[in-house]
């Protein structure tokens with residue numbers, strides 16, 4: 001069986017993974033070198049930075065699982081969703097690998113944690129589509145920065161250490177993830193992600209009115225129809 005040589009010099013067999021061959025630095029390095037959206041972003045935006053974001057969008061008890069939810073991509077190709085769904089064997093290999101990674105780091109998946117992380121992943125996707133996929137990308141919007149791979153790797157490892165060594169967690173995403181409104185996510189119940197946590201909120205037209213994007217060229221906010229459709233899809237409920 002053929003294996004791959006990892007960043008730390010290990011030989012890893014993606015189709016026959018072993019916990020002893022998995023190393024967090026290999027995961028951090030590989031995810032930091034991979035660009036989201038198959039590379040079709042306006043700036044470099046790594047899977048590692050995305051993973052850190054997801055870890056901060058879920059309750060703290062699921063943060064480590066959120067950080068490592070894409071860890072299999074460190075050893076397998078980051079295949080776009082529409083393509084991945086057509087290859088059952090690839091999906092099976094990814095699931096087997098994720099089971100080994102979860103065992104390695106003591107993560108126990110439950111229905112609740114799965115739904116929480118799935119919701120956070122979708123939330124992060126929409127946040128990213130509204131930032132790094134836009135030509136008027138504004139680096140501080142929603143706390144998404146588009147870090148270079150070295151910085152993203154460092155942030156990923158720092159977050160991992162926080163979650164596995166009991167250090168105090170860092171603040172969620174940004175103290176003010178909506179700077180162009182002059183509001184903070186901790187104060188306004190009308191914002192789509194008040195804390196933010198993976199807790200869908202009842203939708204109102206007032207909330208939809210606050211789904212704006214900031215145009216750095218015109219210095220004016222504007223409403224994006226894709227985001228409006230996304231927030232209208234949210235309903236009451238908690239993780």
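The values are calculated or read from the model by the stated rules, or taken from the named source; none is laboratory data. Note that the structure is predicted; figures quoted are calculated from it, not measured. Reconstructed Cβ throughout: ideal geometry from the backbone, glycine too, with neighbour counts over all protein chains shown.
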Fill in: The lone exception for residue 52 - which of (1) touching a helix residue (DSSP H, G or I) at 6+ places or on another chain (Cβ under 6 Å); (2) buried (at least 21 other Cβ atoms within 10 Å of the Cβ); (3) farther than 20 Å from residue 28 by Cα it fails
(3)
Worksheet item: Is it the case that residue 111 is out of contact with any helix residue (DSSP H, G or I) (no Cβ under 9 Å at 6 or more places or on another chain), surrounded by fewer than 18 Cβ atoms within 10 Å (Cβ to Cβ), over 28 Å from residue 10 (Cα atoms) and free of Cβ contacts under 8 Å to residues at least 24 places away in the same chain?
Response: yes
Worksheet item: Which of the residues belonging to segment 16-29 are over 15 Å from the mean Cα position of the chain (by Cα) and either under 10 Å from residue 156 (Cβ atoms) or in a helix (DSSP H, G or I) (or both)?
Response: 19, 20, 21, 24, 25, 26, 29
Response to the item:
Taking segment 147-179 and keeping only residues that are crowded, with 16+ Cβ neighbours inside 10 Å and at pLDDT below 90, one is left with 172, 173, 174, 176, 177, 178, 179
Discussion item. Considering only segment 117-126, I want to know if a residue exists there that is buried (at least 17 other Cβ atoms within 10 Å of the Cβ) and farther than 21 Å from residue 32 by Cα.
Written reply: yes
Discussion item. Could you check segment 62-95 and list, in sequence order, the residues that are in a helix (DSSP H, G or I) and either modelled with pLDDT of 95 or more or under 15 Å from residue 27 (Cβ atoms) (or both)?
Written reply: 62, 63, 64, 65, 66, 67, 71, 72, 73, 74, 94
